1. Given the criteria of a type in the set (Lys, Arg) and either closer than 21 Å to Arg86 by Cα or touching a Lys or Arg at 6+ places or on another chain (Cβ under 6 Å) (or both), does Arg52 qualify?
2. When residues of the range 77-105 are filtered for being part of a helix (DSSP H, G or I), of a type in the set (Ser, Thr, Tyr), modelled with pLDDT of 90 or more and open to solvent by less than 50 Å² (accessible area, probe 1.4 Å), how many remain?
3. Looking only at the range 1-38, which residues are over 21 Å from Phe124 (Cα atoms), open to solvent by less than 60 Å² (accessible area, probe 1.4 Å) and of a type in the set (A, V, I, L, M)?
4. Only residues that are open to solvent by 30 Å² or more (accessible area, probe 1.4 Å) and over 27 Å from Ala100 (Cα atoms): list them for the range 41-54, please.
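The values are calculated or read from the model by the stated rules, or taken from the named source; none is laboratory data. On a predicted model such as this, the values are computed, not experimentally measured, just so you know. Here Cβ is always computed from backbone atoms with ideal geometry, including for glycine, and neighbour counts include all displayed protein chains. We work out accessible area using only protein heavy atoms, side chains counted, and drop any ligands, DNA or RNA first. Shrake-Rupley method; radii C 1.70, N 1.55, O 1.52, S 1.80 Å.
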Amino acid sequence: MAVGKSAIGQQLAQQLGARFIDTDAVIVAGHGSIADIFAGRGEHAFREIEARTVADAVEEAEGTLTVISLGGGAVLDSGTQQLISRCTVVYLECDADTVADRIARNSGRPLLAGDAMGRWTAMFATRRPVYERLADITLDVRHGSVPELGGRLEAALRNHAAAKQEVEK
């Protein structure tokens, strides 16, 4: 949460000439704000909508060059984990110091109500092992501009693809 998934994903898609899908933006367009979904229907309902949205995005992207940005909690769903195992998964690695300003500026994150940094730290401790297990590529996003990070990610993706081809030979 707040590590730059949307900005870096959009940058990467632009560099690659690929399509970009931000699943949070798709949810908001179809169902209203995430905060409103949490408030009116609860986290469980949101996670169901999120899982369907991710499944639709992955299906829609199949066979195309597409960058998909998932919400930070999307990968906690076992079905989503299975779906994205067919994709190249990138974990944008960050720390609390890096995201603190972004979180302070954005109060629309329902899971961070109250002690935002305390909640972020607790969620990250729980989610980090899942991110690390699912990731094909880990990109440290603590330093660099969005264009620089997009360039580093593009290079990492090319190296990953080349290594994968080598293994398949």
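1. So Arg52 fits the description; yes.
2. Final tally of qualifying residues: 1.
3. Leu12, Ala13, Leu16, Ala18, Ile21, Ala25, Ile27, Ile37
4. Scanning the range 41-54 gives Arg41, Glu48, Arg52.
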